[in-house]
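Throughout, read-outs are computed from the coordinates displayed, never taken from laboratory work. Predicted model only: the values in this text are computed from it and were never measured. In this analysis, Cβ positions are derived from the backbone assuming ideal geometry, glycine residues included, and neighbour counts consider all displayed protein chains.
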Amino acid sequence: MARTVWDSTVGKKTVMAVSGIVMLLYLVAHMIGNLKIFFGAGEFNHYAHWLRTVGEPFMHYEWTLWIVRVVLVVAVIAHAVSAYQLSRRDIKARPSKYVHKKARASYATRTMRWGGIILALFIVWHLLDLTTGTVHSGGFETGKPYQNVVDTFSTWYGNVIYIVAMLAVGLHIRHGFWSAAQTLGIGSRTRDRALKTTANALALLLTAGFLAVPVGVMTGVVS
């Protein structure tokens with residue numbers, strides 16, 4: 001039964017929608033947490049430590065965080081695989097003899113594939129930079145996330161990578177939220193305008209919220 005659902009176009013679109021919502025909820029929480037950096041090193045470092053102790057003493061140190069990480073990895077893989085397979089299915093179903101010279105999709109729609117690739121590469125860089133410290137620009141210090149973040153956004157390439165990725169996030173959310181609503185049956189002709197407005201507002205809010213951190217470092221507000 002599960003295999004039949006997965007093999008169907010509707011099933012793959014549903015997987016994309018549900019996994020996308022999981023990632024969106026994470027992004028909202030992550031953005032709120034990131035903004036704690038404007039309250040100083042003590043507040044931000046305490047927040048980072050709290051993430052590792054959530055659920056104690058019932059949960060061991062970092063167990064809750066690892067559960068969140070596993071769920072996110074599953075969501076990202078499910079989202080990427082279903083998107084790729086839907087894309088291949090769409091290409092195979094498209095008659096090659098008909099060539100549409102005029103683009104009928106929005107800019108966000110046409111860049112969803114490249115946006116997904118950019119975000120996948122960014123996630124790898126982001127983890128290697130601020131989680132493991134493997135590609136960190138300065139002297140990575142475990143337990144001092146505030147200073148590690150400041151180090152990253154004190155470099156031009158750290159800012160460029162992050163800003164490009166966050167703009168891709170905004171475009172992805174702008175199209176993906178509305179598309180997920182249609183897939184899950186929430187969308188309708190009467191709700192279409194409200195859903196698109198919500199998608200635009202979410203994309204703008206999250207993009208601005210994430211970009212506030214590197215801008216804060218570049219302007220000296222965070223140092």
Lys, Arg +1 and Asp, Glu -1 on Cβ, resulting dipole of segment 140-223 about Cα centre, debye, nearest 20: 500
Glu141 versus Lys36, label points 7 Å from Cα toward the beta carbon: distance in nm? 1.8
Within the chain: Cβ-based charge dipole about Cα centre, in debye rounded to nearest 20 (Lys, Arg +1; Asp, Glu -1): 1700
Signed unit charges on C-beta, dipole axis of the chain, positive-most listed residue Gly220, Thr198, Tyr61: Thr198
With the crude spin-label approximation of a point 7 Å out along Cα→Cβ, what separation in nm comes out for Thr197 versus Val70? 4.2
Hand me the tally of lysine pairs in the chain: alpha carbons under 20 angstrom apart, and the pair either on different chains or 8 or more positions apart. 5
May I ask you to derive the relative contact order of the chain, considering only C-alpha pairs under 8 Å and at least 6 residues apart, and to give it as an integer percent? 28
With 0.36 nm assigned to each residue of separation and the Cα-Cα distance removed, Met59 to Ser188 gains 42.2 nm
